[in-house]
1. Inter-copy label distances at A:GLU41, 7 Å along the Cα→beta-carbon direction, one decimal in nm, shortest first?
2. Using the Kirkwood radius over C-alpha pairs as Rh, can you work out the diffusion coefficient of the protein assembly as shown via Stokes-Einstein at 37 °C, viscosity 0.692 mPa s, in µm² per second?
3. If a paramagnetic tag sat 7 Å from the Cα of A:ASP149 along the Cα-Cβ line, which residues of region A:50-79 would have the backbone N under 13 Å from that point?
4. Which log10 I(q)/I(0) values, to two decimals, does region B:1-153 give at q = 0.09, 0.16 Å⁻¹ under the Debye formula with one point per Cα?
5. Quick one: label points 7 angstrom along Cα→Cβ at A:VAL59, distances to the other copies in nm, smallest first?
6. Could you pull out the trypsin sites (Lys or Arg not before Pro) across region B:5-38 that fall in loop regions by DSSP (anything but H, G, I, E, B) with no more than 15 other Cβ atoms inside 10 Å?
7. Using helices alone, I'd like the mean residue ellipticity at 222 nm for chain B: each DSSP H run of four-plus residues gives -39500 (n - 2.57), total over residue count, nearest 500.
8. Give the distance, in whole Å, between the Cα centre of region B:1-72 and the Cα centre of region A:123-170.
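A short reminder: the numbers here are calculations on the coordinates, not readings from a lab. Being a predicted model, the structure only gives us computed values, none of them experimental. Neighbour counts run over all protein chains shown; Cβ positions are idealised from the backbone, glycine included.
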There are 2 protein chains.
Amino acid sequence: MLVLSSPSGAGKTTLSRRLLEKDANVVMSVSATTRPKRPNEVEGRDYFFHSDVQFAAMVKAGELLEHAVVFGHQYGTPKKPVQTALAAGRDVLFDIDWQGTQQLRQQVRDDVVTIFVLPPSRGELERRLRARAQDSAEVVARRMAKADDEISHWAEYDYVIVNQDFDRAERQVETILRAERLKRARQPGIPGFVETLMHHD
Amino acid sequence: MLVLSSPSGAGKTTLSRRLLEKDANVVMSVSATTRPKRPNEVEGRDYFFHSDVQFAAMVKAGELLEHAVVFGHQYGTPKKPVQTALAAGRDVLFDIDWQGTQQLRQQVRDDVVTIFVLPPSRGELERRLRARAQDSAEVVARRMAKADDEISHWAEYDYVIVNQDFDRAERQVETILRAERLKRARQPGIPGFVETLMHHD
């Protein structure tokens with residue numbers, strides 16, 4: 001499980017899409033939410049959109065790995081697709097915030113790798129947030145406050161990447177993913193292989 | 001601090017040399033030893049060669065980060081050059097065995113990354129050990145026993161690489177090194193940078 005967190009506007013979504021295109025073993029965890037669908041969003045690709053009642057039922061049934069309220073809307077990670085993908089040997093990418101990351105860590109201690117993506121500068125962060133045409137000035141201001149809140153949690157992550165340029169940041173995420181796959185505990189074939197190496201006579 | 005351990009014959013020395021050539025920020029920790037110099041070895045490059053008396057004096061003076069006896073000879077890591085290199089922001093590569101790795105971990109808990117290099121097969125390991133012309137049959141047999149001893153400690157390492165081909169294994173070591181440099185705790189500039197990102201008004 002690979003978590004990418006960042007303030008919105010730091011480029012995390014673009015990085016996630018690129019990683020999915022490049023690495024066939026990676027699948028995205030699609031979050032559930034109660035917030036309204038934006039014009040460019042697709043059900044099941046960007047989010048699973050639910051009513052408050054539906055979402056509350058999923059929480060109650062224990063169907064979410066983590067969930068949190070952001071700007072009055074619920075967000076959460078459906079458990080089933082993640083379990084299915086992990087069981088099939090896939091790496092699962094999570095685009096979640098610090099609250100979700102904390103909960104995920106509590107649920108599955110060992111096997112979470114977390115990356116925090118920082119924007120290259122305050123000015124660039126503001127510019128990117130303003131560039132989203134569908135957001136009003138008030139929404140932008142709220143997002144800046146949320147960005148500060150998110151950034152304040154950077155020190156809870158395993159890795160930190162400064163997204164100065166997308167190609168470089170993408171290579172860095174790939175490097176982290178490839179290195180983490182070489183971790184002893186993530187190579188289930190090694191104990192058996194070591195058996196074949198050892199001298200028994 | 002990056003530790004490469006492996007049974008001799010798994011290719012660790014070749015991997016170390018390649019990494020040193022390719023990555024200018026990496027320096028090698030040269031071990032001290034009381035074993036006799038081999039014909040092709042160079043003082044200060046392969047080892048610092050010392051008498052038993054000299055070595056014992058270094059241990060007593062606390063000048064070694066770790067030391068252990070292998071085949072009746074002392075091996076150890078001089079502390080001073082490591083501290084100097086780390087203070088200069090260099091990465092230090094250690095070609096040491098499991099005993100040295102355990103001691104190093106105890107001395108410097110946080111900042112050690114350990115990689116275990118496995119040979120591709122038992123047959124290949126034997127072939128490589130026999131190919132060293134200067135070693136007698138008895139020495140080869142002892143080395144096979146020592147190889148088993150070494151391999152039995154693979155599970156104490158952070159990463160495991162199977163050295164099936166040198167180019168691939170080298171890329172894997174580089175990938176690990178590059179990813180580890182992206183760890184939050186190894187980027188001393190980030191806290192100050194985050195200060196410049198946060199909104200204060």
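1. 6.5
2. Translational D for this selection: 137 µm²/s.
3. Residues A:68-75 fall inside that zone.
4. -0.29, -0.95
5. Relative to the other copies, A:VAL59 has label-point distances of 6.3 nm.
6. B:LYS37
7. -13000 deg cm²/dmol
8. Taking the Cα centre of each part, region B:1-72 and region A:123-170 sit 47 Å apart.
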